[in-house]
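Colleague: Pasting a structure here, questions to come.
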Amino acid sequence: MYKKYEMELAGRTLSIETGKMAELSNANVLVRYGETAVMVNVAASKEPRDGIDFFPLSVDYEEKLYSVGKIPGSFQKREGRPAEKAILTSRVIDRPIRPLFPKDFRNDVVVVATVLSVEPDNSPEVCAMIGSAAALAISDIPFNGPMGSVAVGYVDGEIVINPNTEQRAKTELSLTLAGTVEKIAMIEAGANEISEEIMIAAIRKGHEEIRGICEFITAMQTEIGKPKFEYKSFVTNKEVYDEIVENFKDKMYAGVQGDDKETRDANLENITEAILAHFALKHGEEKAEELKQDIKDCIYELEKKCVRELILKEQKRPDGRKIDEIRPLSCETGLLARTHGSAIFSRGQTQVLSIATLGMANEGQKLDGLDEEETKRYLHHYNFPPYSVGEAKTSRGAGRREVGHGALAERALLPVIPSEEEFPYTIRVVSEILSSNGSTSQASICGSTLALMDAGVPIKAPVAGISTGLVTDDEDPDKYLMLTDIIGLEDFFGDMDFKVGGTKKGITAVQVDIKVDGLSYDIIEEAFEKTKKAREYILDDVMLKELPAPRENLSKYAPKIVRMTINPDKIKDVIGKNGSVINKIIEDTGVKIDIEEDGRVFIYCVEDENAQKAVEIIETIVREIEIGEIYEGQVVKIMAFGAFVSLGGGKEGLVHISKLSKDRVEKVEDVVSEGETIIVKVLDIDNQGKISLKKIGDQED
């Protein structure tokens, strides 16, 4: 049955329709916000997936170029692999809804948000997030919602909900927020060095709108929501768990403690072998084999319990650090001779090698998505090879996690990247994760800052990244402990990964992942306080001691840039027919050339003299020929009535036979020959641009 619901959100009407389309899905909604429309469908398998110990949720945000009236630019003329923005939006939808499913649920669930129409003022990403929460709420899929989402900006000193195109162009903050009525479930932000106080105020104001969205979805669910279906619960085998606890808890409690990851991994491997041997001896090998998966699940639960007890009860961490202690830090710059900039940054057993490359302005990435932005000149890529965690696997290229971590580091550094006018290069940084034991994305922010400084990029301020973790008491959620600089084990068994990148002045990026149903403001405020303190320590005591400021000179292998400006009307003369002129300049000088529509010319070279040669050629091409001026030119053609002389830049003039000499000339060849260079004076330029010249003799002025 068709239903339509409406509410006001940030001064505009948000409507959700259901019952008209995709009737075979578990639930379908069509979200409209202005002229933006996003369809969300959710579906779940009837049976759980066999042999897994996780919840198999899949979220796809599908950008359709017809939604903005574009035909795809690919050879096949259809949408292909999701663009980076679509992948990031899929992750932003996934993160807040995942903790709201039952923890013992193992049925496949798929959420598909399809963008059908986009009005630039109204974000399709926010519509997709709200639509996903609404569709799950009214479906028969077990889901502990509702949840709401908004975008928040900071424009001219004011916090703005769901900023429009004009406001987004001026905003100092791009915050995507999700939450329930009571708590914050997800934070994703990029910011222009704003303070923690402004960030918290923006979160609070966004949460006010989220509460209204949650009430709106609750009203929908009350009226048309389907009863949630029964599912097979996957819980720990209590008898097996109790037996393992009785015999091995003390060993596990000691085993999760160790200075390094290898020691803890070896301890767990030994304990696992001992537990399996215990069950085989006590219950027989056949029964032990039958219980093998239950035993492994129980070992996981016991390890998790021991780690959390160690932190909460003893305020002690698995690697022996204090609660707010950062792992040992080190860094080094200028490791690679032929790259334009390089740095290695280590935090404990997490190690990242970042490499910066400078390129021409036209080497920026072309974007074929739904946004009005067509290119970007700062790129950050993150690679996470299996060897970084000691696994012998083949690399499969960048997945969603790699794209997400690279985008987070890119967002953190973008506010300090110099403008194209200040530094007319395309900049690419690649972070190679050499060793991973937690917080690799934040280490890549630190390493990439140093690589940019090593490359001589005049960044506005150095940026550091750090994360905090959270462990809450299972029986009393108000009792918790926050950890600075979490390792992999603390991230794996903890409740939060609160990542913050920024300068000493303020925040440039935030990303928060949680495994609980939300965060209180006390937790959020404490997390910002701890990350600020840690960020300042990393900058002052480590990074800036290695390299206090960007290097004054670029690498000798980086392209040098000479800039000049020409009359835009002359661009066609410099380029020539089918690029013939500019290609000849490039061939003769060995430089690379970019010409902008406004007449700005960028000449990229390794040797300065080659650039100056190119400048002289271009200046010759674009110069204006003026009456009365004297020029040097080459005789290019001789006729009976005179000689044609090239003045450069494709311009020719005629020296009439009567103007070749003060004396009478019988034949033009008696005075000049083809290929000869002569000095001429411009006598006249007629309405058709024809140039009349006079040959100047040695004795003439």
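Colleague: Shape verdict for the range 185-285, please, from the Cα gyration tensor: rounded (a/c under 1.5), prolate (a/b greater than b/c) or oblate.
Modeller: Judged from the Cα gyration tensor, the range 185-285 comes out oblate (a/c at least 1.5, b/c at or above a/b).
Colleague: If a/c stays under 1.5 just call it rounded; otherwise compare a/b with b/c (prolate if a/b is bigger, oblate if not). Do that for the range 566-616, with a ≥ b ≥ c from the square roots of the Cα gyration tensor eigenvalues.
Modeller: Numbers: a/c = 2.24, a/b = 1.42, b/c = 1.58.
Oblate, because a/c is 1.5 or more while a/b does not exceed b/c.
Colleague: Next up: Can you give me the Kirkwood hydrodynamic radius for the range 80-120, using every pair of distinct Cα atoms, in Å to one decimal?
Modeller: On the way: mean 1/r = 0.0802 Å⁻¹.
Hydrodynamic radius (Kirkwood, Cα pairs) of the range 80-120 is 12.5 Å.
Colleague: For the Cα atoms of the chain, what angle does the longest principal axis make with the long axis of helix 440-454, in degrees from 0 to 90, nearest 10?
Modeller: 20 degrees
Colleague: Would you mind checking 261/393; 46/183; 366/533; 4/499; 77/560 for any pair whose Cα atoms are more than 28 angstrom apart? Could you put the intermediate results ahead of the total?
Modeller: Numbers: 261/393 19 Å; 46/183 31 Å; 366/533 38 Å; 4/499 39 Å; 77/560 38 Å.
46/183; 366/533; 4/499; 77/560, as the Cα separations exceed 28 Å there.
Colleague: Let me ask something else. Given axes a ≥ b ≥ c from the Cα gyration tensor, I'd like to know whether the range 219-334 is rounded (a/c under 1.5), prolate (a/b larger than b/c) or oblate. Could the numbers behind the result be given before it?
Modeller: Numbers: a/c = 2.34, a/b = 1.15, b/c = 2.03.
Verdict is oblate for the range 219-334.
Colleague: On the protein heavy atoms, probe 1.4 angstrom, tell me the percent of accessible surface of the chain carried by carbon and sulfur. Intermediate values should be presented prior to the final figure.
Modeller: Values: 15790 of 33420 Å².
Percent of accessible area from carbon and sulfur atoms in the chain: 47.
Colleague: In terms of Cα to Cα distance under 14 Å, which aspartates and glutamates are near enough to residue 572, apart from those fewer than 8 places away along the same chain?
Modeller: 594, 596, 597, 598, 619
Colleague: Then there's this: If r is the Cβ-Cβ distance from residue 226 to residue 182 and R0 is 30 Å, what FRET efficiency results, to the nearest 0.05?
Modeller: Numbers: r = 25 Å, r/R0 = 0.82.
Here the calculated transfer efficiency is 0.75.
Colleague: Could I have the simple spin-label model distance between residue 282 and residue 670, label points 7 Å from Cα toward Cβ, reported in nm to one decimal?
Modeller: Taking the two extended label points, one gets 12.3 nm.
Colleague: For an R0 of 51 angstrom, estimate the FRET efficiency from the Cβ-Cβ distance between residue 242 and residue 569 and round to the nearest 0.05. Before the final figure, lay out the partial values.
Modeller: Numbers: r = 86 Å, r/R0 = 1.68.
About 0.05, to the nearest 0.05.
Colleague: If one puts a single equal scatterer on every Cα of the chain and applies the Debye formula without solvent, what log₁₀ I(q)/I(0) results at q = 0.05, 0.09, 0.11 Å⁻¹?
Modeller: Taking Cα atoms of the chain as identical point scatterers yields -0.35, -0.88, -1.19.
Colleague: Could you go through the range 583-595 in sequence order and give the Karplus-derived ³J(HN,Hα) for each residue, using 6.51 cos²θ - 1.76 cosθ + 1.60 with θ = phi - 60°, rounded to whole Hz, and x for Gly and Pro?
Modeller: Values, residue by residue: 5, 5, 4, 4, 5, 6, 10, x, 9, 10, 10, 10, 10 Hz.
Colleague: Ok, one more. Calculate one ³J(HN,Hα) per residue across the range 661-674 by plugging θ = phi - 60° into the Karplus curve 6.51 cos²θ - 1.76 cosθ + 1.60, and present them in order as whole Hz with x for glycine and proline.
Modeller: 7, 6, 8, 5, 10, 7, 10, 4, 5, 6, 10, 10, 9, 4
Colleague: Give the long-range amide H neighbours of residue 121: residues separated by 5 or more places, or on another chain, with amide H under 5 Å away, using H modelled in the peptide plane at 1.01 Å from N.
Modeller: Result for residue 121 returns 165.
Colleague: Report the FRET efficiency, 1/(1 + (r/R0)^6), for residue 626 and residue 362, where r is their Cβ-Cβ distance and R0 is 35 Å, rounded to 0.05.
Modeller: So the FRET efficiency works out to roughly 0.55.
Colleague: While we're looking at this one, here's another question. Stretch residue 476-residue 3 to full length: gain in nm at 0.36 nm per residue minus the Cα-Cα span?
Modeller: Numbers: separation 473, 0.36 × 473 = 170.28 nm, distance 4.08 nm.
Length gained between residue 476 and residue 3: 166.2 nm.
Colleague: What accessible area per residue, rounded to a whole number of Å², is obtained for the range 518-606 using a probe radius of 1.4 Å? Can you show the working numbers first?
Modeller: On the way: 4850 Å² over 89 residues.
Roughly 55 Å² per residue, with all protein chains present.
Colleague: Beyond a 20 Å Cα-Cα separation, which of these cross-linked pairs lie in this structure: 304/515; 251/304; 249/292; 570/651; 251/296? Present the calculation step by step, with values, prior to reporting the outcome.
Modeller: Numbers: 304/515 14 Å; 251/304 14 Å; 249/292 18 Å; 570/651 12 Å; 251/296 16 Å.
Over 20 Å Cα-Cα: none of the listed pairs.
Colleague: Right, another one. Filter the cross-link list 85/305; 70/613; 613/637 down to pairs whose alpha-carbon distance in this structure exceeds 31 Å. Could the numbers behind the result be given before it?
Modeller: Numbers: 85/305 38 Å; 70/613 43 Å; 613/637 26 Å.
85/305; 70/613, as the Cα separations exceed 31 Å there.
Colleague: Also, I was wondering about something else. Given the -39500 (n - 2.57) contribution per DSSP H run of 4+ residues, what per-residue ellipticity at 222 nm results for the chain, rounded to the nearest 500 deg cm²/dmol? Walk me through the intermediate numbers first.
Modeller: Numbers: 15 runs with 217 residues, N = 701.
It comes out at -10000 deg cm²/dmol, rounded to the nearest 500.
Colleague: Shifting gears a bit: Taking only Cα atoms, what is the 0 to 90° angle, nearest 10, from helix 608-622's long axis to the longest principal axis of the chain?
Modeller: For 608-622 against the chain, the angle is about 60 degrees.
Colleague: Once amide H atoms are built 1.01 Å from N in the peptide plane, which residues 5 or more positions from residue 606, or in another chain, come under 5 Å H to H?
Modeller: Long-range HN contacts for residue 606: 560.
Colleague: For the range 182-311, with every protein chain kept in place, what is the accessible area per residue (1.4 Å probe, Å²)? Could the numbers behind the result be given before it?
Modeller: On the way: 6970 Å² over 130 residues.
Heavy-atom accessible area per residue stands at 54 Å².
Colleague: In whole Å and largest first, what semi-axes does the C-alpha gyration tensor of the range 392-461 yield when each eigenvalue is scaled by 5 and square-rooted? Show your work: numbers first, answer last.
Modeller: Working: eigenvalues 128, 31, 24 Å².
The answer is 25, 13, 11 Å, longest axis first.
Colleague: Would you mind checking the range 158-188 for residues with the amide N under 20 Å from a putative spin-label position 7 Å along Cα→C-beta of residue 597?
Modeller: 166, 169
Colleague: Rolling a 1.4 angstrom probe over the protein chains, ignoring ligands and nucleic acids, what is the accessible area of residue 300 in square angstrom, nearest 10?
Modeller: 80 Å²
Colleague: Please determine, in degrees from 0 to 90 and to the nearest 10, the orientation of helix 261-283 with respect to the longest principal axis defined by the Cα atoms of the chain, where the helix direction is its Cα long axis.
Modeller: Roughly 30 degrees between the two axes.
Colleague: What residue among 646, 562, 550 has its Cα farthest toward the positive end of the dipole of the range 544-669, where the charges are +1 on Lys, Arg and -1 on Asp, Glu, each on the Cβ?
Modeller: Comparing the listed Cα positions along the dipole, 646 ranks first.
Colleague: I would also like to ask the following. Rank 271, 225, 254 by how far each Cα sits towards the positive end of the charge dipole of the range 176-300 (+1 on Lys, Arg Cβ; -1 on Asp, Glu Cβ) and give me just the farthest.
Modeller: The listed residue farthest towards the positive side: 225.
Colleague: Could you report the range 643-701's accessible area per residue, 1.4 Å probe, as an integer in Å²? Walk me through the numbers on the way to the answer.
Modeller: On the way: 3710 Å² over 59 residues.
I get 63 Å² per residue for the range 643-701.
Colleague: Let me ask something else about it. Which sequence of 94, 663, 259, 598 reflects their accessible areas, 1.4 Å probe, from the largest down?
Modeller: I get 259, 663, 598, 94, largest accessible area first.
Colleague: Which loop chymotrypsin sites (Phe, Trp or Tyr not before Pro) in the range 157-240, with loop taken from DSSP, have no more than 13 other Cβ atoms within 10 angstrom of their Cβ?
Modeller: Values: sites: 216, 229, 231, 234; in loops: 229, 231, 234.
When the chymotrypsin sites (Phe, Trp or Tyr not before Pro) of the range 157-240 are filtered for loop state and at most 13 Cβ neighbours within 10 Å, 229 remain.
Colleague: What ³J(HN,Hα) values, in whole Hz, does the Karplus curve 6.51 cos²θ - 1.76 cosθ + 1.60 give for the range 455-466 when θ = phi - 60°, with x put for Gly and Pro?
Modeller: 7, x, 6, x, 5, 6, 6, x, 10, 10, x, 8
Colleague: Which value, in debye to the nearest 20, describes the size of the charge dipole of the chain about its Cα centre when Lys and Arg Cβ atoms bear +1, Asp and Glu Cβ atoms bear -1, and nothing else is charged?
Modeller: On the way: 89 positive and 123 negative charges, 169 e Å.
The calculated dipole for the chain is roughly 820 debye.
Colleague: Using square roots of five times the C-alpha gyration tensor eigenvalues, list the equivalent-ellipsoid semi-axes of the range 320-395 in whole Å, biggest first.
Modeller: Working: eigenvalues 196, 64, 49 Å².
Values for the range 320-395, descending: 31, 18, 16 Å.
Colleague: Provide, in order from the shortest bin, the percent of all Cα-Cα pairs of the range 134-191 in each 5 Å bin, continuing until the bin that contains the maximum pair distance.
Modeller: 4, 18, 22, 17, 14, 12, 7, 4, 1
Colleague: Need one number: nm distance between label points at residue 553 and residue 266, each 7 Å from Cα along Cα→Cβ, rounded to one decimal.
Modeller: Modelled inter-label distance: 4.9 nm.
Colleague: Tell me the Rg and the Dmax, in Å, that the Cα atoms of the range 493-638 produce.
Modeller: Every Cα atom of the range 493-638 included, Rg and Dmax give 27.4, 89 Å.
Colleague: Need the C-alpha centroid separation for the range 378-424 versus the range 127-161, integer Å.
Modeller: That distance is 27 Å.
The values are calculated or read from the model by the stated rules, or taken from the named source; none is laboratory data. Note that the structure is a prediction, hence the values are computed from the model and not measured. Ideal geometry is used to build each Cβ from the backbone, glycine not excepted, and the neighbour counts take in all protein chains shown. Heavy atoms of the whole protein, side chains included, go into the accessibility calculation; ligands, DNA and RNA do not. Shrake-Rupley method; radii C 1.70, N 1.55, O 1.52, S 1.80 Å.
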